[in-house]
1. Counting only heavy atoms of protein chains, what accessible area per residue, in Å², does the chain have with a probe of 1.4 Å?
2. Ignoring ligands, DNA and RNA, what percent of the accessible area of the chain is carbon or sulfur (1.4 Å)?
3. Just want to confirm a number: the relative contact order over the chain, from Cα pairs under 8 angstrom separated by 6+ residues, in percent.
4. So which residue, out of 80, 158, 65, gets the largest mean-square fluctuation from a GNM of the chain using Cα contacts under 10 Å as springs?
5. Please give the charge dipole size of the chain, origin at the Cα centre, charges +1 on K and R Cβ atoms and -1 on D and E Cβ atoms. Round to the nearest 20 debye.
6. If packing is taken as the average number of other Cβ atoms within 10 Å across a peptide's residues, how do 51-64, 23-36 rank, most packed first?
7. Please compute the contact order of segment 10-85 in relative form: average sequence separation of alpha-carbon pairs under 8 Å and at least six residues apart, divided by the residue count, as a percent.
8. For segment 5-94, report the translational diffusion coefficient in µm²/s to the nearest whole number, using Stokes-Einstein at 37 °C, 0.692 mPa s, and a Kirkwood Rh over Cα pairs.
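The values are calculated or read from the model by the stated rules, or taken from the named source; none is laboratory data. Quick caveat: nothing in here was measured; it's all calculated off a predicted structure. Ideal geometry is used to build each Cβ from the backbone, glycine not excepted, and the neighbour counts take in all protein chains shown. To get the accessible areas, we keep the full protein, side chains included, count just its heavy atoms, and leave off ligands, DNA and RNA. Shrake-Rupley method; radii C 1.70, N 1.55, O 1.52, S 1.80 Å.
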Amino acid sequence: GGGGARGALGGEVGCVVLVSNLPADGRVKPDHLFNLFGCYGNVLRVKVLFKKQSTALIQFQTPTGAQLARRFLNRTELHGTQLDVRASKHQSVALPKEEDSDAAAFNKDFASSKLHRFKQGLTNNLKNIYGPTRVLHVSNVSLETKESQLIELFRPYGVVGFEWLKKMTEKRMAFVAL
């Protein structure tokens with residue numbers, strides 16, 4: 001960036017990221033971006049640009065969340081396109097006026113969401129934060145569930161591997177590679 005302040009993870013300090021190269025067919029909604037980007041920090045607002053639906057602004061609660069999202073999601077493939085995630089010049093994401101109902105579907109305020117992953121907004125445990133992978137961690141699986149049932153459940157997504165985790169309790173966990 002242009003000589004702005006730098007954060008602990010490297011990169012510009014700011015809470016807003018600009019995401020471009022989203023699929024332009026309108027299938028990516030604010031809720032989807034909240035779920036994906038919320039893995040890196042608490043997302044406060046999402047704005048998919050009404051006139052350019054392949055671009056979105058995402059405001060995090062902290063600059064660390066924005067930095068982690070840039071670090072782990074830039075160049076990640078989403079529905080066949082490679083995301084471009086960079087620092088935004090905006091300090092916050094403005095939502096449209098209530099009377100603009102067309103644009104309202106592309107904007108959402110998540111500030112009071114109960115789905116935030118980070119207590120007090122702090123992304124404390126950086127060593128446990130990674131980029132997306134093709135391995136799904138499935139938990140809370142009943143002891144009666146067979147491997148073949150889980151494979152069949154995930155077959156539409158292209159299962160290429162399966163492994164039970166060794167720890168046995170009244171519920172089990174597994175890794176499913178897609």
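1. Numbers: 11190 Å² over 178 residues.
I get 63 Å² per residue for this part.
2. Carbon-and-sulfur percentage of accessible area, whole number: 51.
3. Worked out over the chain, it gives 22 percent.
4. 158
5. The dipole magnitude comes to about 520 debye.
6. Details: 51-64: 20.1, 23-36: 15.4.
Those peptides, ordered most packed to least, come out 51-64, 23-36.
7. After rounding, I find 41 percent.
8. 259 µm²/s
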